[in-house]
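Derivation of every value follows stated rules applied to the coordinates shown; laboratory data play no part. Computed from a predicted structure; not experimentally measured. Here the Cβ is made from the backbone with ideal geometry for all residues, glycine too, and neighbour counts use every protein chain on show.
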Amino acid sequence: MKSVKFVFAALVVAFAMTSVPASAQFRIGPKIGVNVNKLSSKASGFSAENRAGFNAGLMTEFTVPVIGIGVDLSVMYVRRNDRFTVGGNPENMHRDYIDIPLNLKYKLNIPVINNIVRPFLTTGPSFAFLTNKRSFNDFRNKKSDVAWNFGLGVELVKHLQLGASYGFGLNKVTGNSDNKIDGKNKYWTVTAAYLF
C-alpha cells in the first residue's frame, strides 16, 4: 500500500513539473540558522529540556511566478543538542545529521509590495541521516530521523528569505539498551537564506 501511494505521489509531482510554464524560476543559495530541540518520550521518569543547536547548508527553490506555488529543497548539516533526565540522572547528548527537508511552498501574491516583502508558507517532510557516533553511554541513536515540518516566513527584496518552522519527529531517534526509554525529536528552527 505504501508503494502505491509513493508511485501516485511521484506521478502527481511529475505531471505538475511538466505542466509548469517556461517562466518558472529556479534559484539556489546558502542557508544558515538555529534550532531548539526537545527530546520527547512517554517513558515514566523521563523529562527533557529545550536545547539550542545550529544548521548550515545549501537551499534550492523552484517557483511558478504567477501563482506563487513551488518547492524548496535543502541539504543541511544539523546539530541537535539534548538535555534530559532519566530516573533523576541528567544526561547531555548531541546528535549531528545531514538533513534534507523538502517543502511545498506558497508565496502570497501582494502586487504592490511583492518586490520588497513577500510572505510565504511551507510544509513538507524532512529526512535526516546521523553522522556522529551511534552510542552514547547507555543510549543508542538511530541512523535516521524522519520528521514533518510546518513553517512560515518572509522574502525580502526578492533574495533574502527569513523563515521559522516547527518539526515533529515521526520515528524514534534514540533509546536505551533495555528499550524502556525511546525518544522522538520535536524542534523549532529559524533560518536565513540568500537565493541567487
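Per residue of the stretch 70-78, what does 6.51 cos²θ - 1.76 cosθ + 1.60 with θ = phi - 60° give for ³J(HN,Hα)? Whole Hz please, x for Gly and Pro, Karplus curve as stated.
Those phi angles translate into x, 9, 10, 10, 10, 10, 10, 8, 10 Hz.
Between LEU152 and PHE127, what FRET efficiency comes out of the Förster formula 1/(1 + (r/R0)^6) with R0 = 25 Å and r the beta carbon distance, rounded to 0.05?
With R0 = 25 Å, the Cβ-Cβ based efficiency is 0.70.
Taking 0.36 nm per residue of separation and subtracting the Cα-Cα distance, what length does fully extending ASN115 through PHE196 add?
Between ASN115 and PHE196, full extension yields 27.7 nm more.
According to a simple spin-label model (label point 7 Å from Cα along Cα-to-Cβ), what is the distance in nm between ASP96 and ILE32?
Calculated label separation equals 1.8 nm.
Take each of the peptides 70-82, 107-119, average the number of other beta-carbon atoms within 10 Å over its residues, and list them starting from the highest.
Descending packing order for the listed peptides: 70-82, 107-119.
Once you place label points 7 Å from the Cα toward the Cβ at ASN171 and TYR77, how far apart are they in nm?
Distance between label points: 2.4 nm.
Given the pairs LYS38/LYS158; LYS107/LYS133; LYS143/LYS186, which are separated by over 28 angstrom at their Cα positions? Don't skip to the end; give the middle numbers.
Details: LYS38/LYS158 33 Å; LYS107/LYS133 39 Å; LYS143/LYS186 17 Å.
From LYS38/LYS158; LYS107/LYS133; LYS143/LYS186, over 28 Å: LYS38/LYS158; LYS107/LYS133.
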